[in-house]
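K.L.:
Structure in structure tokens, see below.
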Amino acid sequence: MRAKTATPWGPATLVEELTVQQRSGDRRFASVVQLLEGAKGERLVRFAYSTGGTARRGPVTLRARDVQRLVEGLGRCPQLAETLGFAGMKEGANGKT
């Protein structure tokens, strides 16, 4: 069963989720990108950051290398990749695995 979540547009179902682990000095956290589907089938994309496994709202900041890891991770999330305009992404498409 898919996880349910609340959005400003009503309830939605989690379709795919991509987590990008990040670090700044000794601090460890993650940025999370979720593909959600609303009650009428519309696609929603949620960006959040996570500390200690708890997703939080607020600004999400990615360094250039984190953006690259996000793009690489989209190879494992084809529906999210399509929604973000990265259709046809394959894992390791940039020569890395």
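The values are calculated or read from the model by the stated rules, or taken from the named source; none is laboratory data. Not measured: the values here are computed from a predicted model. Positions of Cβ are generated from backbone atoms using ideal geometry, with glycine treated the same way; all protein chains shown enter the neighbour counts.
K.L.:
Mind listing whichever residues of the range 24-44 are touching an Asp or Glu at 6+ places or on another chain (Cβ under 8 Å) and either buried (at least 16 other Cβ atoms within 10 Å of the Cβ) or farther than 12 Å from THR83 by Cβ (or both)?
P.N.:
The first filter runs over the range 24-44 and keeps only residues touching an Asp or Glu at 6+ places or on another chain (Cβ under 8 Å), leaving 31-35, 43-44.
Within the range 24-44, SER31, VAL32, VAL33, GLN34, LEU35, LEU44 meet the criteria.
K.L.:
Could you tell me whether the range 45-63 includes any residue that is touching an Asp or Glu at 6+ places or on another chain (Cβ under 6 Å), closer than 26 Å to ALA87 by Cβ, modelled with pLDDT under 95 and not in a strand (DSSP E or B)?
P.N.:
no
K.L.:
Tally time: how many residues in the range 15-42 are touching a strand residue (DSSP E or B) at 6+ places or on another chain (Cβ under 6 Å) and of a type outside the set (Val, Ile, Thr)?
P.N.:
Qualifying residue count, the range 15-42: 14.
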